[in-house]
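Visitor: For reference, the structure I am asking about is given below.
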Amino acid sequence: MNYPFKFRTEETLHPSFYGKQVKDLKTPPGWSLTSHSIELASFYNEDIEFYLRVVPEGKPGKNYREGYEFVGVKSSKQFVAFKTEKVNILMNSDTKNELMVNLSKVTRGFKEMEPHLNHVLERVSIFYPFAGKVLQKKIIEHILPKMEHKIQRFDNSIVFSIHAEPYKHGVEFILHAEWNQFQRSNIETEFRRHIRRFESDMRQEISLLTLEHRRKKGLVDETIHWSISQSFFNQVWTSFLAPYKKEEIVEITSKGISVGIEVSRISDKYVYDLYVKENGKNKKTIRRISYINGELQKMLIPIQGMFRGEFADALESFYVTNKTSREYSDTLSEWYEKNMLRVVDAVGDAIGFNLYAEKGSGSDSVPQKHYLWIITTDKRLTESEKMQEAILNCL
């Protein structure tokens with residue numbers, strides 16, 4: 001059983017392009033920033049081709065053009081002009097296989113694809129960036145029989161094949177299923193939901209499997225640790241931007257896994273990347289995260305989300321709260337030192353904690369908003385009204 005189209009990617013599609021918007025692509029040799037489009041990938045057979053192309057972003061000015069992706073179709077027998085513009089296939093793909101699956105979903109909207117709608121491509125991704133060959137084999141052997149059973153439970157007349165392939169952040173399972181009922185869009189949609197639910201269940205199971213694997217290797221420390229660069233938050237609100245080069249600024253460690261955010265500079269802006277480590281080593285950059293202006297609370301969201309999702313760890317003994325005030329200050333570091341002493345005097349004998357400060361925006365007429373972040377593993381920080389009141393009275 002074969003998919004009715006072959007898939008290819010062009011030589012110009014470098015692995016670093018995956019997961020990026022067109023405006024973030026570095027123009028490779030041979031590209032020019034003109035109005036023409038560049039083909040990156042395609043499905044094709046002897047009669048027809050469905051292609052993914054990008055139109056590069058133009059230069060700023062009167063005739064500025066925003067870059068975008070589009071999918072089109074061309075036939076060997078006649079010219080076909082129809083295309084769907086401003087898709088985000090490349091941006092939403094981490095691997096060649098995921099790009100292939102995402103392109104296959106878009107092509108189902110073309111009338112030229114109607115004779116082949118009984119074919120469905122789907123991908124199940126199991127995140128675990130530290131898997132060696134032994135652990136990869138365990139993951140594959142755990143997933144494959146369950147995935148086969150899941151498909152058969154949807155309908156045992158579906159004909160399918162599954163290909164497992166390791167990639168830099170885990171293992172991906174590429175499914176090709178064929179069934180006449182997929183011609184009906186509601187059936188195809190429900191089947192994909194069926195596979196998505198399976199993927200979610202398997203990610204939880206693999207999280208527990210890999211945790212046990214690390215326990216056997218002595219890599220699990222049940223204590224939660226964290227590190228936050230106060231110097232970075234001091235720097236954010238000064239008039240000069242420090243030349244940070246991949247500096248780690250926020251990191252939480254639990255059960256031997258560290259998830260954090262590092263900052264670097266592109267032109268005059270900060271950019272942020274999410275990374276993971278195992279036992280303080282094997283650092284892997286996972287993805288670029290949106291511009292968050294140095295806000296600690298927004299930085300903690302993707303970190304805690306990765307722990308809950310990919311590592312099945314709710315960080316149950318990690319407690320964070322903040323107190324805010326409106327006031328003027330020359331430097332954040334001076335404000336921090338003043339309030340740190342007050343809080344330590346008020347509750348320092350009751351619980352162990354760390355304090356971090358952050359400054360928001362303000363104006364000549366409106367004082368700046370100041371944040372004092374308090375982090376601890378003691379649940380009384382958030383549960384004790386008396387302690388909350390004592391901290392509030394410090395500010």
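The values are calculated or read from the model by the stated rules, or taken from the named source; none is laboratory data. Source: prediction; values computed, not measured. Here Cβ is always computed from backbone atoms with ideal geometry, including for glycine, and neighbour counts include all displayed protein chains. Please note that ligands, DNA and RNA were not included when accessible areas were found on the heavy atoms of the full protein model with its side chains. Shrake-Rupley method; radii C 1.70, N 1.55, O 1.52, S 1.80 Å.
Visitor: Which one, [x] 80, 59, 36; [y] 78, 50, 43; [z] 63, 51, 42, gives Cα extents along the principal axes in Å as derived from the coordinates shown?
Guide: Computed from the coordinates, Cα extents along the principal axes in Å corresponds to [x].
Visitor: Moving on. Between the helical axis of 296-309 and the dominant principal axis of the chain, each derived from Cα atoms, what acute angle in degrees is found, rounded to the nearest 10?
Guide: 50 degrees
Visitor: Could you calculate the FRET efficiency of His14 with Thr285 from 1/(1 + (r/R0)^6), where r is the beta carbon distance between them and R0 is 22 Å, rounded to 0.05? Spell out each step's value before the answer.
Guide: Numbers: r = 16 Å, r/R0 = 0.73.
For His14 and Thr285, the calculated efficiency is 0.85.
Visitor: Semi-axes of the equivalent ellipsoid for segment 68-172, please: Cα gyration tensor eigenvalues, times 5, square-rooted, ordered largest first, whole Å.
Guide: Numbers: eigenvalues 198, 76, 18 Å².
Each semi-axis is the square root of five times an eigenvalue, giving 31, 20, 10 Å.
Visitor: Another question, then. Taking all protein chains together and a probe of 1.4 Å, list Leu135, Leu209 from the most accessible to the least accessible. List each step's numbers first, then the result.
Guide: Working: Leu135 5, Leu209 45 Å².
So the residues, ranked largest to smallest area, are Leu209, Leu135.
Visitor: Based only on Cα atoms, what Rg/Rh ratio does segment 165-213 have, Rh being taken as Kirkwood's radius?
Guide: 1.11
Visitor: Ordering Met299, Met100 by accessible area with a probe of 1.4 Å, largest first, what comes out?
Guide: Values: Met299 0, Met100 30 Å².
From most exposed to least exposed: Met100, Met299.
Visitor: Over the heavy atoms of Asp330, what accessible area does a 1.4 Å probe trace out, to the nearest 10 Å²?
Guide: 140 Å²
Visitor: Can you send over the solvent-accessible area of Val320, 1.4 Å probe, protein chains only, in Å² to the nearest 10?
Guide: Per-residue accessible area (Val320): approximately 50 Å².
Visitor: Which value, in Å² and to the nearest 10, is the accessible area of Asp24 when all protein chains are kept and the probe is 1.4 Å?
Guide: For Asp24, solvent-accessible area is about 80 Å².
Visitor: What is the magnitude of the charge dipole of the chain about its Cα centre, with +1 placed on the Cβ of each Lys and Arg, -1 on the Cβ of each Asp and Glu, and no other charges, expressed in debye to the nearest 20?
Guide: Numbers: 57 positive and 53 negative charges, 148 e Å.
Here the chain has a charge dipole of around 720 debye.
Visitor: Based on the Cβ-Cβ distance of Glu212 and Glu165, what FRET efficiency does E = 1/(1 + (r/R0)^6) give at R0 = 30 Å, to the nearest 0.05?
Guide: Numbers: r = 24 Å, r/R0 = 0.80.
Efficiency, rounded to the nearest 0.05: 0.80.
Visitor: Ok, one more. So, for the chain, what is the accessible surface per residue at a probe of 1.4 Å, expressed in square angstrom? If you can, show how the numbers build up before the last one.
Guide: Numbers: 20920 Å² over 395 residues.
On a per-residue basis, 53 Å².
Visitor: On to the next question. Please compute the length gained on full extension between Ser185 and Lys23, using 0.36 nm multiplied by the number of residues separating them and subtracting their Cα-Cα distance.
Guide: Details: separation 162, 0.36 × 162 = 58.32 nm, distance 3.32 nm.
This chain segment gains 55.0 nm when fully extended.
Visitor: While we're looking at this one, here's another question. Can you tell me how much longer the chain between Tyr328 and Gln204 gets when fully stretched, taken as 0.36 nm per residue apart minus their C-alpha distance, in nm with one decimal? List each step's numbers first, then the result.
Guide: Values: separation 124, 0.36 × 124 = 44.64 nm, distance 4.73 nm.
This chain segment gains 39.9 nm when fully extended.
Visitor: Hey, another quick one. Straight-line reach from Lys96: which aspartates and glutamates have a Cα under 14 Å away, not including same-chain ones fewer than 8 places off?
Guide: Cross-link targets: Glu10, Glu11, Glu122, Glu165, Glu172.
Visitor: My understanding is that a pair violates if its Cα-Cα distance is over 24 Å; which of Lys255/Lys369; Lys281/Lys323; Lys168/Lys246; Lys283/Lys323; Lys6/Lys133 do that in this structure? Could you put the intermediate results ahead of the total?
Guide: Working: Lys255/Lys369 35 Å; Lys281/Lys323 34 Å; Lys168/Lys246 20 Å; Lys283/Lys323 33 Å; Lys6/Lys133 29 Å.
Beyond 24 Å between Cα atoms: Lys255/Lys369; Lys281/Lys323; Lys283/Lys323; Lys6/Lys133.
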